[in-house]
Amino acid sequence: MASYCFLRYANTPGSGNRLPHPSKGNVSVSPEVNGKARGRAALYCESMQFSVPPRGVEIVLVLLVLAAAAYDIRTRRIPNWLTASGVLVGLVLNTFLYPVLPGLLFALKGMAVGLGVYVVLYAMRAMGAGDAKLMAAVGTMAGWQDWFGIFIVTAVVGGVMAVIFALSRRRLKTTFWNVGFILTELKSGRAPYLKKEELDVRHPKSVGLPHAAVIAVGTLVFLGLTAFGA
């Protein structure tokens, strides 16, 4: 589908020392794609526009995820003041760096997507409330498009780290069985934690990695990949 994507960069001028419009450009889809497929192709093309955030945003984003990872590793909690500060700083930075209204909408869309996806995971007891609030802060800073990139990389990194963790605990077979069980339950429309307590992140029997640490590694890898490809 990516071969059908064309990008026309926006020429919206900045104001003073502000950057151009935060959207990467206007997506155009090849005329070969028609009907409902055209709408899906446009959404796919737009969501795949990844870029390195402005230097100030990038620095604050790295500090945020590293601080959250440190707290999560030490206490298995992510403080509300940290995630709330991340959201506030993301709103202020993007409103300052870009023309005010586009910058604010850019940040709000990122927050809504990040929080929306993780609220679903929270409802399924797959993630904690702190993880959802952290990803909302990440989305506020990075915008919804780069948030999806961070989300994808975090999922891959999390899978690799989970295998390493399972090997160190001699739980590899159990881990793979749990993955199969989760997929089966989801396919049947049931929440996996209802039948297996250890799949509930809030239960004492739950065994897993501090997710903020996984988010931190995923964010750093994403920023590195986008900087390398820029």
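Each value in this text was obtained by applying a stated rule to the coordinates, not by laboratory testing. As the structure is a computational prediction, the values presented were derived from the model and not from experiment. Neighbour counts are summed over all protein chains in view; Cβ atoms, including those assigned to glycine, are modelled from backbone coordinates with ideal geometry.
How big is the charge dipole of region 83-189 about its Cα centre, in debye rounded to the nearest 20, if each Lys and Arg gets +1 on its Cβ and each Asp and Glu gets -1 on its Cβ?
Roughly 480 debye, rounded to the nearest 20.
Could you tell me how far the Cα centroid of region 134-190 sits from the Cα centroid of region 88-115, in Å?
Taking the Cα centre of region 134-190 as reference, the centre of region 88-115 is 26 Å away.
Tell me, rounded to the nearest percent, the portion of alpha carbon pairs in region 55-229 spaced more than 22 Å apart.
45
For Phe228 and Thr174, FRET efficiency with R0 = 41 Å and r from the beta-carbon atoms, rounded to 0.05?
With a Förster radius of 41 Å, E is 0.65.
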